[in-house]
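The values are calculated or read from the model by the stated rules, or taken from the named source; none is laboratory data. Bear in mind that the values here come from a model prediction, so they are computed numbers and not experimental data. Cβ placement follows ideal geometry from the backbone for every residue including glycine, while neighbour counts extend to all protein chains displayed.
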Amino acid sequence: MIRGFTLAAATGAALLASALATSAPDGRRWWGHVQALADDKLEGRNTGSAGYRKAAAYVAGEFERAGLKPAGTDGYFQPVRFHTRRLKEVESSLTLVRNGESEELVLGEDAIIGTRIDPAPSVDAEVVFAGYGLTVPEMQYDDLAGMDLRGKIVLYMSGGPANIPGPLRSHYQSATERGRFLERAGAIGTIGIQNPHHMDLPWQRIALGSRQASMSLADAGLEQQFGLKFTAAVNPEQAGKWFAGSGHSFDDLVALADAGKPLPRFPLHASIRAQVAVERGEAESPNVAAILPGSDPVLKDQYVVLSAHLDHLGIGEPINGDRVYNGAMDNASGVATLLDIAQLLYEAKPKLRRSLLFVAVTGEEKGLLGSRYFAAHPTVKPGSIVADLNVDMFLPLFPLRSVTVYGLNESDLGEEVRAVARARGIRIQDDLEPERNIFIRSDQYSFIRRGIPSLAMKVGYEKGSAEEKIAKAWLKDRYHAPADDTKQPVDLDCAARFDDLLRALAEAVADRPERPKWNANSFFKRFAE
Ligand SMILES: [Zn+2]
């Protein structure tokens, strides 16, 4: 189906050994690392699991082989502690009450109860629809304004009006920003509905995924509860019943959202009763960090971070009889890119002025937790990280002609990546789908919130192209599913060229005279001040 090399897991260990031995940047070494990290033996690398620890040991070993210096707090490792929470579904319930009539909802089918925020054991509260539930002070936009939300649950739809720039809209939809404004308004819970036209994951897989344990950082200073006692998500296909009798239909609201318009806000004359039983525990899981020291006597104390998350979803609910969520593209692929770059640099031995800091982070799938911890507790001197270049699920599924860069117009790293790509005949494009919130959905966002100019990159495609169809089909069939394994077709030449681009970008940023800076008009500049 896809042009380029296609390898299958069946080619096995012999290939892996030869792939790791060769240094030609043809994608085979990259693929060898993907195969090692996405092997069934690593059981999907869930944060805190034995499989994740094996993956971390593999990455540390490869860092060492590439001559990198340990940069954790314990050799290459920086242990991170977590609280875990798992919903006890059979002891939990959610009931929608309207005009004295109760309808018990089916958990998993109608809605799922969230445990990322620590829920109260029971909640009985009125529900109000607050449009996008979005507050963007810079745009004088506030869906919560003038509503009495004290003690109430806010029902909202994901997204925001089209006149709010994409990165800003994404930023204010993050749990942290939303939480702040909801708390100020006195709300005690949220129920979110995704726009069904902008879902990367089918509801069925969202529901299966919700059976996994949630995590939060044990470092209390890095977690906030925002006064929330309850969170849930509604299956868009079952959303109609929430709006019954309100004078509004869910379909009309979706049409307004698709047109980029503001949404009406209105009472639902309904309330919910919830019983929420949770099993709580503890876990520990390390980030893995290593340094390629710079050569300039002054600039070597500054660091360009290359980051990729090492964790995935672990063993979960079976799909087609397979329980192992291997996460080959999400994100063994990104970690493999870091390892490939480390080895390329080891062989080429360029003299870079600044140091490179390679970080494979844990807890990304739980809410960017490992990177949040690392950015708050860097293992190098605070303030010495000058940039983060992040790679997560870059999807080398077809030949590389363009690269989509998230954060392209926020800092002068944008000019850097344009120059490196131009020299390679690769087109650079901005985020074409800001409604997917990719800008806040991976680890670069943890660095951005600490004021560090950052980019994330994926293989690009044009709207309406055959490549877009391939990427969308990948999301539907393989994203957060056991089918994201090493039996899928990938384009090795694309991966090799992507790795080369990222290596060249890292070198350019390490060698430039001035440290990267935010563009004067970037919203995110504020985090550096
Ligand atoms: Zn993921």
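Across the range 472-489, which residue is nearest to residue 408 (Cα to Cα) among those that are within 16 Å of the ligand (Cβ to nearest atom) and outside any helix (DSSP H, G or I)?
Ranking the candidates gives 479 first.
Would the range 188-204 turn up any residue that is on the phi < 0 side of the Ramachandran plot, of a type in the set (Val, Ile, Thr) and assigned to a loop (DSSP other than H, G, I, E, B)?
Among the residues of the range 188-204, at least one is on the phi < 0 side of the Ramachandran plot, of a type in the set (Val, Ile, Thr) and assigned to a loop (DSSP other than H, G, I, E, B), which makes the answer yes.
Looking only at the range 449-465, how many residues end up being surrounded by fewer than 18 Cβ atoms within 10 Å (Cβ to Cβ) and in contact (Cβ under 8 Å) with a residue 60 or more places away in the chain? Give the derivation first.
Of the residues in the range 449-465, the ones surrounded by fewer than 18 Cβ atoms within 10 Å (Cβ to Cβ) are 451, 462-465.
In the following step, the residues that additionally are in contact (Cβ under 8 Å) with a residue 60 or more places away in the chain were identified as 451, 462.
Looking only at that region, the number is 2.
Would it be correct to say that residue 469 is in a loop (DSSP other than H, G, I, E, B), more than 30 Å from residue 294 (Cβ to Cβ) and either at pLDDT 95 or above or within 16 Å of the ligand (Cβ to nearest atom) (or both)?
Working: in a loop (DSSP other than H, G, I, E, B): no; more than 30 Å from residue 294 (Cβ to Cβ): yes; either at pLDDT 95 or above or within 16 Å of the ligand (Cβ to nearest atom) (or both): yes.
Judged against the criteria, residue 469 is not a match.
Against the conditions (1) outside any loop (DSSP other than H, G, I, E, B); (2) within 16 Å of the ligand (Cβ to nearest atom), where does residue 366 fall short? Just the number, please.
(1)
Considering each residue of the range 265-277, count those that are under 30 Å from the mean Cα position of the chain (by Cα) and not charged (D, E, K, R), and give that number.
4
Name, by its number, the condition in (1) surrounded by 16 or more Cβ atoms within 10 Å (Cβ to Cβ); (2) free of Cβ contacts under 8 Å to residues at least 40 places away in the same chain that does not hold for residue 220.
Among (1) surrounded by 16 or more Cβ atoms within 10 Å (Cβ to Cβ); (2) free of Cβ contacts under 8 Å to residues at least 40 places away in the same chain, the lone unmet condition for residue 220 is (1).
Going through 442, 446 one at a time, which residue ends up being part of a loop (DSSP other than H, G, I, E, B) and within 14 Å of the chain's Cα centre (by Cα)? Please lay out each step first, then the result.
Values: 446 fails: part of a loop (DSSP other than H, G, I, E, B).
Only one candidate qualifies: 442.
Counting only residues that are in a loop (DSSP other than H, G, I, E, B) and more than 30 Å from residue 72 (Cβ to Cβ), which one in the range 381-402 is nearest to the ligand (Cβ to nearest atom)?
That would be 397.
Consider residue 425 against the criteria (1) over 16 Å from residue 308 (Cβ atoms); (2) within 16 Å of the ligand (Cβ to nearest atom); (3) surrounded by fewer than 21 Cβ atoms within 10 Å (Cβ to Cβ): it satisfies all of them except one. Which criterion is unmet?
(2) is the only condition that residue 425 fails.
Checking residue 360 against (1) out of contact with any Lys or Arg (no Cβ under 6 Å at 6 or more places or on another chain); (2) within 16 Å of the ligand (Cβ to nearest atom); (3) assigned to a loop (DSSP other than H, G, I, E, B); (4) of a type outside the set (Asp, Glu), only one condition comes out false. Which one?
The number of the failed condition is (3).
Would the range 403-418 turn up any residue that is of a type in the set (Phe, Trp, Tyr), within 16 Å of the ligand (Cβ to nearest atom) and not in a loop (DSSP other than H, G, I, E, B)?
The first filter runs over the range 403-418 and keeps only residues of a type in the set (Phe, Trp, Tyr), leaving 406.
Restricting the remaining residues to those that are within 16 Å of the ligand (Cβ to nearest atom) gives 406.
If we keep only those that are not in a loop (DSSP other than H, G, I, E, B) too, we end up with 406.
For the range 403-418, residues of a type in the set (Phe, Trp, Tyr), within 16 Å of the ligand (Cβ to nearest atom) and not in a loop (DSSP other than H, G, I, E, B): present.
Spot the failing condition for residue 208; the list is (1) more than 16 Å from the chain's Cα centre (by Cα); (2) in contact (Cβ under 8 Å) with a residue 60 or more places away in the chain; (3) over 23 Å from residue 276 (Cα atoms), and only one is missed.
Of everything listed in (1) more than 16 Å from the chain's Cα centre (by Cα); (2) in contact (Cβ under 8 Å) with a residue 60 or more places away in the chain; (3) over 23 Å from residue 276 (Cα atoms), residue 208 misses just condition (3).
Name the residues in the range 480-529 that are out of contact with any strand residue (DSSP E or B) (no Cβ under 7 Å at 6 or more places or on another chain), of a type in the set (Phe, Trp, Tyr) and over 15 Å from residue 388 (Cα atoms), would you?
Selection gives 523 alone.
From (1) touching a Phe, Trp or Tyr at 6+ places or on another chain (Cβ under 7 Å); (2) touching a residue at least 12 places away in the same chain (Cβ under 8 Å); (3) surrounded by fewer than 18 Cβ atoms within 10 Å (Cβ to Cβ), pick out the condition that doesn't hold for residue 249.
Residue 249 satisfies every listed condition except (2).
Which one of these does residue 255 not meet: (1) of a type in the set (Gly, Ala, Ser); (2) outside any helix (DSSP H, G or I); (3) more than 27 Å from residue 117 (Cβ to Cβ)?
(2)
Taking the stated definitions as given, is residue 456 of a type in the set (Gly, Ala, Ser), assigned to a loop (DSSP other than H, G, I, E, B) and within 16 Å of the ligand (Cβ to nearest atom)? Lay out the reasoning, then the answer.
Values: of a type in the set (Gly, Ala, Ser): yes; assigned to a loop (DSSP other than H, G, I, E, B): no; within 16 Å of the ligand (Cβ to nearest atom): yes.
So residue 456 fails the test.
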